[in-house]
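Enquirer: Okay, here's the structure, questions in a sec.
The values are calculated or read from the model by the stated rules, or taken from the named source; none is laboratory data. Because the structure is predicted, anything quoted here is derived from the model rather than measured. Methodologically, a virtual Cβ is constructed for each residue, glycine included, from the backbone with ideal geometry; neighbour enumeration extends over all protein chains shown. Please note that ligands, DNA and RNA were not included when accessible areas were found on the heavy atoms of the full protein model with its side chains. Shrake-Rupley method; radii C 1.70, N 1.55, O 1.52, S 1.80 Å.
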Amino acid sequence: MESNETGNTEITFSRLDQEEFFPKDVEKNNMADSLEARNRNLSASMFSLQQELAANGGCIWTRHLGRAYYFSSQRMNWMQSRDYCISKGATLVIIKSEQKQSFLLANIRETHWIGLSDLRTEGQWHWVDDTPISPTEIQFWHTRPNGEHEPDNWTGGGDPTGEDCAALGYSGGNLEEWFDASCTVQKRFVCEK
């Protein structure tokens, strides 16, 4: 140790001391090992994803509370959407809780078909698993400020048969509630299994 003009003690290391405290080869080896481990992990993740895609017919499924969900990127009418989900061993999503509704909302940016319709009998809404929607069951139908609400079976949209299929949101931007729509409209959709 040496003292400088201000009285502070300076510590100087010889070349040998520096290598003892900061061995460069060890640093390089640790970094190389770390990068190699990351590469192995990424390769394993990519392989796992490729297997999942192959097993699910090219679909990536998101897991939530023991279920798997597919958020489509393509648009289909309601019947095509229902059939697509069935072809993947799934159904159009059934929503019977606030928790599931919130999960879906967190994963969409535009309107999506859900598994609810009154195709068989006007005004009698059933889920795709054939269970009727009950008046005591939680529902997320849109209500307008004037008190009118969905489903309203509007026929002014170009489909004289009205609106017999339900969607989460509508093209105007409100994604937080359910709207009935013409089943022939092309929308994204959510499958569940």
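Enquirer: State the Cα centre-to-centre distance between the stretch 162-193 and the stretch 60-105 in whole Å.
Expert: 12
Enquirer: Under 1.5 on a/c is rounded, so check that first for the stretch 53-193, then, if it is not, pick prolate when a/b is larger than b/c and oblate when it is not; a ≥ b ≥ c are the square roots of the alpha carbon gyration tensor eigenvalues.
Expert: prolate
Enquirer: Amide H to amide H under 5 Å from GLU177: which residues, 5+ apart in sequence or cross-chain, H placed 1.01 Å off N in plane?
Expert: GLY169
Enquirer: With a 1.4 Å probe and every protein chain left in place, tell me how much accessible area SER102 has, in Å² to the nearest 10.
Expert: Here the accessible area works out near 70 Å².
Enquirer: In sequence order, what are the phi-derived ³J(HN,Hα) couplings for the stretch 104-118 according to the Karplus relation 6.51 cos²θ - 1.76 cosθ + 1.60 with θ = phi - 60°, rounded to whole Hz, with x for glycine and proline?
Expert: Using θ = phi - 60°, the values come out as 4, 4, 5, 10, 10, 10, 7, 4, 9, 5, 10, x, 9, 7, 10 Hz.
Enquirer: Sticking with this structure for a sec: Compute the Cα gyration tensor for the stretch 124-193, then decide on rounded, prolate or oblate, letting a ≥ b ≥ c be the square roots of its eigenvalues: rounded whenever a/c is under 1.5, prolate when a/b is larger than b/c in the other cases, and oblate in all that remain.
Expert: rounded
Enquirer: Per residue, what accessible area does the stretch 113-180 have, given a 1.4 Å probe and all protein chains present, in Å²?
Expert: Dividing the accessible area of the stretch 113-180 by its residue count gives 54 Å².
Enquirer: Using θ = phi - 60° and the Karplus curve 6.51 cos²θ - 1.76 cosθ + 1.60, what whole-Hz ³J(HN,Hα) does each residue of the stretch 67-73 get, with Gly and Pro shown as x?
Expert: 10, 10, 10, 10, 9, 5, 9
Enquirer: Kindly rank 146-153, 181-188, 71-78, 131-138 from highest to lowest mean number of other beta carbons found within 10 Å of each residue.
Expert: Going from most to least packed, we get 181-188, 71-78, 146-153, 131-138.
Enquirer: Quick query: amide H of ILE114 versus all other amide H atoms, modeled in the peptide plane; which residues come in under 5 Å with a sequence gap of 5 or more or a different chain?
Expert: The answer is ALA166, ALA167, LEU168.
Enquirer: OK, next. With all protein chains present and a 1.4 Å probe, how do SER87, SER117 order by accessible area, largest first?
Expert: From most exposed to least exposed: SER87, SER117.
Enquirer: Quick one: which residues, 5+ away or cross-chain, put their amide H under 5 Å from the amide H of ILE133? H built at 1.01 Å from N.
Expert: So ILE133 has HN proximity to TRP125, HIS126, TRP127.
Enquirer: Kindly write out, for the stretch 80-87 in residue order, the coupling ³J(HN,Hα) from the Karplus curve 6.51 cos²θ - 1.76 cosθ + 1.60 (θ = phi - 60°), rounded to whole Hz, with x marking Gly and Pro.
Expert: Per-residue couplings from phi come out as 4, 4, 4, 5, 4, 4, 4, 5 Hz.
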